[in-house]
Amino acid sequence: MAMASSSSRNGAVRGGSMRPVSGSSNLRSSSFKSRIPSSSAPRRNSTSSASLADNGVPGRVRVAVRLRPRNADESVADADFADCVELQPELKRLKLRKNNWDTETYEFDDVLTEAASQKRVYQVVAKPVVESVLEGYNGTVMAYGQTGTGKTFTLGRLGDEDTAARGIMVRSMEDIIAGTSLDTDSVSVSYLQLYMETIQDLLDPSNDNIAIVEDPKTGDVSLPGATHVEIRNQQNFLELLQLGETHRVAANTKLNTESSRSHAILMVHVKRSVVENEDPVSTETENSSHFLRPSKPLVRRSKLVLVDLAGSERVHKSGSEGHMLEEAKSINLSLSALGKCINAIAENSPHVPLRDSKLTRLLRDSFGGTARTSLIVTIGPSPRHRGETTSTILFGQRAMKVENMLKIKEEFDYKSLSKKLEVQLDKVIAENERQLKAFDDDVERINRQAQNRISEVEKNFAEALEKEKLKCQMEYMESVKKLEEKLISSQRNHENGKRNGEVNGVVTASEFTRLKESLENEMRLRKAAEEEVSKIKSQSTLKTKSGEGEDAGISRLQKLLEDEAIQKKKLEEEVTILRSQLVQLTFEADQMRRCLDSGAPGNSFSGTDSLPSRHSQARESLNGQKAPFATLCEQVGLQKILQLLESDDANIRIHAVKVVANLAAEEANQEKIVEAGGLTSLLMLLRSYEDETVRRVAAGAIANLAMNEVSQQLIVDQGGISLLSLTAADAEDPQTLRMVAGAIANLCGNDKLQARLWSDGGIKALLGMVRCGHPDVLAQVARGIANFAKCESRATTQGVKSGRSLLIEDGALPWIVQHANDEAAPIRRHIELALCHLAQHG
């Protein structure tokens, strides 16, 4: 009877349909809007159907209610009381008992009992939203309810131990990953919490104050300071959720042992590539004809927002104190602001207080915006919390009155189109290159065939001409022979004619005249034959030119040009060699003159001496004027001189390496030689040629370049130490050994190359050259040991190196002691320096 009176006062149930009546309605369900035409459905901005089609699709906020089963405390405390709610899932209704005789009935989009599985909850509440997100719409799934009613269980349960317990967050990401392609689409997530009106990053706890940015034109809200992590698989997403849950603020209250003290917000950003002509478009006349839109690459950007709201609570029931009390106030204020905004939107109020809380600013697209929104309200069965349950149900009822305008956010995919056009362009270029190569091959083949035909025709005409010429010569010789015979016969007749008288004289004269005429006739025939031969030759030439005259002329011109270029190159090489020889002789003569003036013995090849005194003499050459080798470098060009190092002529190669060696003696030229590749060419000569002169001069040039720190590093990097060591082991000439020892000695003075010099065998090679016994070689060996010992001593003083000296490791100490009192001053001076540095090394 109580139920009947309630029904007669607030509404009636007839024929299985709900009908609202005047008075305080007990059937408070805004789901009737789904049965009302869209033109009369409440919305914030009334628009025409045409503008509605242009701007979006209407979509009401869907609300489902879920009942939590009794917990252990409620089973004991409320054992004598019935549940405060009664569910009718088949009718999608919920009855709220106000007391033992009065109830109120509410209708929702879905009613989920305490036995509803997590999978069913997801399919009813979140799956339609996820499908819309994959189609390009924004979507929101939110859980609202009193603390301890199962919001976090419904939304954020990971299901580590039981996969059937997975919540909406996990299941949503499974469908999104399954519905996207790793090749063309991208999925990224941000995990945040709104704690005490401060937005904090759960994936980066140090980022604890993220600002909200609103687009002044569109009003879209974004969080540029939040961490975005791209998701490639489900396991990666689960690890991020676990990381975020460890950073979320929770506390133990009387109502919930793990009460969330913040609003958790998971944002999933989906970017999908589509082609516009995938869907057929119907014509205005509703017939069966369809046409396809032009192919246009598009990018659809959508966002799924999953919100686990902190539970509303009454302080006297939760027992919050101190800081937890402040947290409860902040939670209730933000939830209250959200309720005010939903009321204003549902009632078409001109002002919506979105800026009262950061929560409402973040959810402005979810209520009254462009997102498809689904809300699940969670309630408990205990009659002790009837007030909180009533408030939650009314919140859901008001949310059902909000209608959003769903829009797809898509933009032209310029990047994809550009990439596609680049691929097509590459194909066209490749095809063009293939066709051009085939055309060039055909032209070359035709030219070869034409040349072969021309050669064959020329050969045939030459053979025919030679045969004709031989034939004419034979006929001419035959005629001459006959004439000679006739002349002899006529002379005999003439002698006989003296005896025979005048008659015979007349006969002889007539015979001579006849012979003369025959001879002239033969000459005319010969001339005619030669003219005929010339005519045939000219005709053959004309025929040849008429067929392929142009190609033959071009070929002959090209051949002449090539011969001219070869001849010019040979002349340039000869001029370069002559200039280098002249400069070499001038330099050696000038140096010899200075040596004679100073009373010192001359040096046959000064450019390869790596000692500082020799180097200073080279800089002071020609009494302050420009050095002859610098003049040669300006006149001829350093690149051409270096090219002569690769000449096949041994003499040219020797002269070129001498010039380079003398140029390397000038400090100003060393960097230019190295930049032009001269150092690499010298090392190649040292590696490739066994000629003693080339090796000696090349080693001297390397020794000069080794005085520069940059060149030293390049020598080591290009394997110069190993090459110098091999040359030292093979050479017997004292001058070659002096150059090699000087180069290694210069390298020993670089602190950075100590370990490399020792590991590549430089010290052993230096000590191995003492076998020569020549004073100049020994002086260079002593200088290298002194330089190496100085660097080791400096490294030990600076604390960079410790331990035994590498010189002692390679057995240098006995030789140092043996030559400590050497008669040669340079050797003795360097040995003393080496002993001092070794003593400092310890």
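The values are calculated or read from the model by the stated rules, or taken from the named source; none is laboratory data. Every value quoted in this text rests on a predicted model; they were computed, and no experiment measured them. Every residue, glycine as well, gets a Cβ built from its backbone with ideal geometry; the counts of neighbours run over all protein chains shown. Surface areas here come from the heavy atoms of the whole protein model, side chains and all, with no ligands, DNA or RNA. Shrake-Rupley method; radii C 1.70, N 1.55, O 1.52, S 1.80 Å.
Counting only residues that are buried (at least 20 other Cβ atoms within 10 Å of the Cβ) and within 49 Å of the chain's Cα centre (by Cα), which one in the stretch 761-779 is nearest to Arg829 (Cα to Cα)? Ranking the candidates gives Leu766 first.
Confirm whether Val817 is open to solvent by 60 Å² or more (accessible area, probe 1.4 Å), among the aliphatic types (A, V, I, L, M) and in a helix (DSSP H, G or I). Outline the logic, then answer.
Working: open to solvent by 60 Å² or more (accessible area, probe 1.4 Å): yes; among the aliphatic types (A, V, I, L, M): yes; in a helix (DSSP H, G or I): yes.
For Val817, the condition - open to solvent by 60 Å² or more (accessible area, probe 1.4 Å), among the aliphatic types (A, V, I, L, M) and in a helix (DSSP H, G or I) - is met.
More than 30 Å from Leu333 (Cβ to Cβ), open to solvent by 40 Å² or more (accessible area, probe 1.4 Å) and either touching a residue at least 12 places away in the same chain (Cβ under 8 Å) or part of a loop (DSSP other than H, G, I, E, B) (or both), is that true of Arg232? Yes, satisfied.
From the list Glu321, Glu327, Glu347, which one is touching a strand residue (DSSP E or B) at 6+ places or on another chain (Cβ under 8 Å) and of a type outside the set (Val, Ile, Thr)? Before the answer, list the steps.
Working: Glu321 fails: touching a strand residue (DSSP E or B) at 6+ places or on another chain (Cβ under 8 Å); Glu347 fails: touching a strand residue (DSSP E or B) at 6+ places or on another chain (Cβ under 8 Å).
Answer to the selection: Glu327.
Residues of the stretch 726-740 that are free of Cβ contacts under 8 Å to residues at least 60 places away in the same chain and buried (at least 24 other Cβ atoms within 10 Å of the Cβ): Ala728, Thr736, Leu737, Arg738, Val740. Scan the stretch 823-832 and give yes if some residue there is open to solvent by less than 20 Å² (accessible area, probe 1.4 Å), modelled with pLDDT of 80 or more and of a type in the set (A, V, I, L, M, F, W, C), otherwise no. Yes, because at least one residue in the stretch 823-832 is open to solvent by less than 20 Å² (accessible area, probe 1.4 Å), modelled with pLDDT of 80 or more and of a type in the set (A, V, I, L, M, F, W, C). Within the stretch 803-810, does at least one residue satisfy the condition of being assigned to a helix (DSSP H, G or I), open to solvent by 80 Å² or more (accessible area, probe 1.4 Å) and of a type outside the set (D, E, K, R)? The answer is no, given that none of the residues of the stretch 803-810 is assigned to a helix (DSSP H, G or I), open to solvent by 80 Å² or more (accessible area, probe 1.4 Å) and of a type outside the set (D, E, K, R). Taken as a whole, the structure places Pro205 among residues that are out of contact with any strand residue (DSSP E or B) (no Cβ under 9 Å at 6 or more places or on another chain) and either within 17 Å of Leu266 (Cα to Cα) or of a type outside the set (Ser, Thr, Tyr) (or both).
Within the stretch 161-180, if we keep just the residues that are surrounded by fewer than 16 Cβ atoms within 10 Å (Cβ to Cβ) and in contact (Cβ under 8 Å) with a residue 24 or more places away in the chain, the residue that is nearest to the chain's Cα centre (by Cα) turns out to be Glu174.
From the residues in the stretch 75-96 that are under 12 Å from Ser382 (Cβ atoms) and open to solvent by 40 Å² or more (accessible area, probe 1.4 Å), which one is modelled with the highest pLDDT? Break it down stepwise before answering.
First, pick out the residues of the stretch 75-96 that are under 12 Å from Ser382 (Cβ atoms): 75-79, 81-85.
With the extra rule that they be open to solvent by 40 Å² or more (accessible area, probe 1.4 Å), the set shrinks to 75-77, 79, 81-83.
Numbers: Ser75: 76, Val76: 79, Ala77: 75, Ala79: 72, Phe81: 78, Ala82: 76, Asp83: 82.
Per the criteria, the residue is Asp83.
Just give me the residues in the stretch 382-421 being aromatic (Phe, Trp, Tyr) and open to solvent by 40 Å² or more (accessible area, probe 1.4 Å), in sequence order. Walk me through it before giving the result.
To start, the set of residues in the stretch 382-421 that are aromatic (Phe, Trp, Tyr) comprises 395, 412, 414.
Matches in the stretch 382-421: Phe412, Tyr414.
Residue under question is Leu682, and the condition is that it be assigned to a helix (DSSP H, G or I) and at pLDDT below 80; does it hold? Spell out the reasoning first.
Values: assigned to a helix (DSSP H, G or I): yes; at pLDDT below 80: no.
No, not satisfied.
Within the bounds of the stretch 443-456, is there any residue that is surrounded by fewer than 16 Cβ atoms within 10 Å (Cβ to Cβ) and either more than 59 Å from the chain's Cα centre (by Cα) or β-branched (Val, Ile, Thr) (or both)? The answer is yes, given that some residue of the stretch 443-456 is surrounded by fewer than 16 Cβ atoms within 10 Å (Cβ to Cβ) and either more than 59 Å from the chain's Cα centre (by Cα) or β-branched (Val, Ile, Thr) (or both).
Looking only at the stretch 388-415, residues that are part of a helix (DSSP H, G or I) and farther than 30 Å from Lys317 by Cβ come to 2 in all.
With the structure loaded, tell me whether Glu495 is closer than 17 Å to Met523 by Cβ and free of Cβ contacts under 8 Å to residues at least 12 places away in the same chain or whether it fails that test. In short, no.
Of all residues in the stretch 390-408, those that are closer than 18 Å to Arg97 by Cβ have Cβ atoms under 8 Å from Cβ atoms of residues that are part of a helix (DSSP H, G or I), 6 or more apart or on another chain, in Gln397/Ser30. Restricting Glu667, Glu671, Glu692, Glu709 to those that are of a type outside the set (Lys, Arg), modelled with pLDDT of 75 or more, surrounded by fewer than 21 Cβ atoms within 10 Å (Cβ to Cβ) and more than 43 Å from the chain's Cα centre (by Cα) reduces the list to Glu692. Just so you know, in the stretch 142-160 the residues that are open to solvent by less than 10 Å² (accessible area, probe 1.4 Å) and hydrophobic (A, V, I, L, M, F, W, C) include one that is nearest to Ser117 (Cα to Cα), and it is Leu155.
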